[in-house]
1. What angle do you read, to the nearest 10 degrees and between 0 and 90, between the alpha-carbon axis of helix 210-226 and the longest principal axis of the chain?
2. Output ³J(HN,Hα) for region 37-53: one whole-Hz value per residue in order, computed from phi by the Karplus curve 6.51 cos²θ - 1.76 cosθ + 1.60 with θ = phi - 60°, and x for Gly and Pro.
3. Along the principal axes of its C-alpha atoms, what lengths does region 104-151 span, in descending order and rounded to whole Å?
4. Hey, can you find the accessible area per residue of region 57-121 for me, probe 1.4 Å, expressed in square angstrom?
5. Between Ala184, Ala213, Ala238, find the one with the highest GNM mean-square fluctuation for the chain; connect C-alpha pairs within less than 10 Å.
6. Within 14 Å, Cβ to Cβ, of Leu88, how many net charges do the neighbouring residues add up to if Lys/Arg are +1 and Asp/Glu are -1?
7. Relative to the longest principal axis of the chain, what angle (0 to 90°, nearest 10) does the C-alpha long axis of helix 56-66 take?
8. In whole Hz, with x marking every Gly and Pro, tabulate ³J(HN,Hα) for region 10-25 from phi via Karplus 6.51 cos²θ - 1.76 cosθ + 1.60, θ = phi - 60°.
Amino acid sequence: GTQMEDLEGDDLYSTSLKGCLSSFGKVHHKTLTPNPRCFFVAWQGVLTLAFEGFTPSLQKIKDQISGIPGIVAENSGSKWPKTTIGALKKDQVLTEADFEILKSLCITQSEILKSTWENEVISHFDLIWFQRRSLQEPHHAHMKVPLGDVNENLTREDPSSESRSYVDRVIAECDDPMYYEKVAMLGYREDRYFDQVEETEATLVHFISESNAKLIQRFTEEVDRQLPGKYAWMPSSALHMTIRAIKKAPSM
């Protein structure tokens, strides 16, 4: 297949996808990113920044994409808004002591981040046919999907209550005494994010602004100071919040 094959077919999936994406400029207005909620240690020790939840504006866009005939079901990883920041290097494991260090770092660094974070305007999404899951360049192909202009001032939206409680449930897992076992599982090491993928896949994302990426970097530097050599970090220019994977479901 070609690099942008999702859009190049004349089947129902491709034509619906094209129609859906081009409607965003007419139907949906520029919107703001959700507020950051906290830094978070996900399964397999992956470090993320979780946001408070998808806003109704963003959720509506996600629902429209999910309604495209023939699109894959949404991955659980994009059901809560987050930015993946780093993964363990391939020979590294987290001890329980490491995990405790990370948990307390997440608490202190989240407070600093939240006091300095600037909400970003999402004026377009980036549709990336990626070679690596980190989304570092080069990409197979890259297309901007614009959102419509808005005349009045952008108002901040609160996350939808469903999305907020989804994030709450994910974050609450961290306090479960058995959660360390999930953190200690193997897999999802740096190779998952930095090796080339076998098949081209596409994802719709919002890239984090340079100034906010610098704030995230303060967290990564602190982790490196306290747990030197453990983590491989996503390049700051590739940090992103995933909206949804764009991929045709395998036909029966």
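The values are calculated or read from the model by the stated rules, or taken from the named source; none is laboratory data. Nothing here was measured: the structure is a model prediction, and the numbers come from that model. Cβ coordinates were reconstructed from backbone atoms using ideal geometry, including for glycine residues, and neighbour counts include every protein chain displayed. To get the accessible areas, we keep the full protein, side chains included, count just its heavy atoms, and leave off ligands, DNA and RNA. Shrake-Rupley method; radii C 1.70, N 1.55, O 1.52, S 1.80 Å.
1. That helix lies at roughly 30 degrees to the long axis.
2. 9, 5, 6, 8, 8, 8, 3, 6, x, 5, 9, 9, 10, 8, 9, 4, x
3. Principal extents (largest minus smallest coordinate, Cα): 39, 37, 10 Å.
4. I get 48 Å² per residue for region 57-121.
5. Fluctuation is largest for Ala184.
6. Here the count lands on +1.
7. 70 degrees
8. 10, 7, 4, 4, 5, 5, 5, 4, 4, x, 4, 5, 6, 6, 4, x
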